[in-house]
Amino acid sequence: VSTDLVLDPRSYGYHENPFDHYRRLREEAPLYWNDELQFWALSRYEDVAQASADWRSFCSGAGVTLRGPHRPPQMISQDPPRHTVLRSLVRKSFTARSVGRLELDIRGLCRHLLEDLGDRRTFDCISEYAELVPMAVISWVLGMDDGGDVKFHQLMNRFLHRTPGTSEPTADGLAAEAEALTYITGLLDDPQATRPHSLVRAIGTAARDEVISRPEAIGMVFQLLIAGFETTKKLVGNAIVALHRAPAQRALILGDPALIANAIEETLRFDGPTPHMFRTATAEATRYGRTIREGDKVMLLFASANRDERRWPQPDVFDVTRDTRGHVGFGHGIHLCLGAALARLEARIALEVFLKRFAEFNIVESRRSHTDNNRGFSRLTIETNG
Ligand code: HEM
């Protein structure tokens with residue numbers, strides 16, 4: 001491996017354009033070792049899909065980031081049987097059928113947010129649109145009446161931000177996390193704070209009945225809030241950017257809005273909000289003549305798998321008519337994104353409503369957000385004439 005091939009997930013330059021790195025990794029080092037940060041990386045589609053499906057050999061229980069398992073515990077960093085207990089508890093609330101009931105409300109919310117802009121021709125489509133949708137929607141799903149008021153999304157933005165060259169939250173970020181956890185504890189303890197028969201109440205009841213522990217209940221609400229918010233907002237932003245850069249694709253969609261659902265899938269493949277997750281090897285494994293030892297960290301590069309020329313024709317072309325089946329933008333295997341149906345619904349409607357109002361738009365300023373494992377924008381200033 002040439003020494004100039006460095007995969008550093010903390011680097012702002014890498015956040016800007018990871019795709020050249022991925023291409024070289026797939027070609028030159030399909031099993032790559034980062035000596036400084038002590039992790040392996042798999043970048044080819046077959047390898048990422050295979051390791052994601054094999055949770056016994058590549059487990060999540062020791063954490064899915066370089067920081068170790070989440071505290072309080074979350075299903076994403078648990079293995080069976082605990083993972084099964086946690087996921088089963090909330091699974092039904094996230095089926096396509098359950099979330100489909102929210103379609104009209106989501107559409108109403110998206111329209112309302114754009115109507116609120118009045119005659120303005122310039123706005124930030126992240127903080128004034130894309131970020132407000134998932135926050136409100138996950139609050140409805142959880143049954144928190146004041147989800148919009150607590151400015152939870154600002155706490156999350158602070159918690160997720162990383163300064164250059166670090167993978168740890170800032171002191172301000174940790175303070176925001178503590179505030180969020182205190183708020184969640186309050187929600188679980190105060191019957192007035194959530195609706196009867198709501199998901200938060202069900203999670204609280206499961207803790208009182210000792211089906212799950214109290215830290216698991218807090219971790220569950222925290223994860224549902226954070227996972228549903230950050231990624232969906234980025235998916236909408238990344239889709240808007242991709243369509244801005246590919247006017248011919250935008251024209252296709254404007255001519256046939258039924259393509260929007262697949263444009264969202266293509267965005268998940270082409271520029272998905274969750275580029276990677278880590279696993280830990282539970283036994284020795286050999287790939288490409290090199291040995292992964294038990295206990296080693298292994299990065300699964302979903303975003304690289306989704307651009308693998310061995311799997312996708314013309315992988316670097318954004319094509320809203322492509323057969324996107326099999327992309328790993330929501331992961332793969334037992335941890336396949338629990339909120340996939342909800343994210344698809346929200347993103348599709350947010351994009352439909354946006355394009356209906358603004359067939360023509362320009363992006364006049366963009367600012368990338370810098371987090372541990374999410375890819376997307378914290379600011380996208382849009383200029384429109386309509
Ligand atoms: C575009 C939006 C989203 C993307 C790209 C995304 C991506 C992912 C990915 C890649 C994983 C797998 C992690 C792994 O294998 O270690 C995952 C898991 C998960 N996602 Fe999402 N997600 C999105 C939206 C949501 C939403 C709206 C929710 C709603 C609550 C959600 C909740 C979860 C949960 C709970 C898990 C853990 C599942 C498990 O461990 O069994 N996600 N997501």
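Coordinate-derived values only; no laboratory data. Treat the numbers as computed from the prediction; the structure is a model and nothing was measured. Every residue, glycine among them, receives a Cβ derived from its backbone with ideal geometry; neighbour counts consider all protein chains shown.
Only Cα pairs under 8 Å and 6+ residues apart enter the sum, and on that basis the relative contact order of the range 72-206 stands at 19 percent.
Here the Karplus relation 6.51 cos²θ - 1.76 cosθ + 1.60, evaluated at θ = phi - 60°, turns the backbone of the range 301-318 into coupling constants of 8, 4, 5, 6, 4, 6, 10, 6, 5, 6, 10, 10, x, 6, x, 8, 9, 7 Hz, with x for every Gly and Pro. Distance between the C-alpha centres of the range 319-343 and the range 140-193: 26 Å, rounded to the whole angstrom.
Amide H contacts for Arg287 (H built 1.01 Å from N in the peptide plane; partners 5 or more residues away or on another chain; cut-off under 5 Å): Ile292. Scalar couplings 3J(HN,Hα) for the range 5-12, obtained by applying the Karplus form with A = 6.51, B = -1.76, C = 1.60 to θ = phi - 60°, are 8, 10, 9, 10, x, 8, 7, 5 Hz; x denotes Gly and Pro. Of the GluC sites (Glu not before Pro) in the range 288-375, the ones in a loop by DSSP (not H, G, I, E or B) with at most 13 other beta carbons within 10 Å are Glu294, Glu360. The GluC sites (Glu not before Pro) of the range 13-50 that meet both conditions, a loop assignment by DSSP and at most 15 other Cβ atoms within 10 Å of the site Cβ, are Glu36. Which residue, Leu252, Leu66, Leu25, has the most motion in a Gaussian network model of the chain that connects Cα atoms within less than 10 Å? Comparing Leu252, Leu66, Leu25 in a Gaussian network model of the chain, the most mobile one is Leu252. In loop segments of the range 129-209 as defined by DSSP, the trypsin sites (Lys or Arg not before Pro) with at most 15 further C-beta atoms inside 10 Å of their C-beta are Lys151.
Sequence-distant contacts, meaning Cα pairs under 8 Å at least 6 residues apart, place the relative contact order of the chain at 26 percent. Stretching Glu365 away from Val6 to a fully extended chain increases their span by 126.3 nm, per 0.36 nm per residue minus the current alpha-carbon distance. Pairs exceeding 25 Å between alpha-carbon atoms, taken from Lys151/Lys233; Lys92/Lys356; Lys234/Lys356; Lys92/Lys151: Lys92/Lys356; Lys92/Lys151. Anisotropy class assigned to the chain is oblate, per the alpha carbon gyration tensor with a/c at or over the 1.5 cut-off and a/b no larger than b/c.
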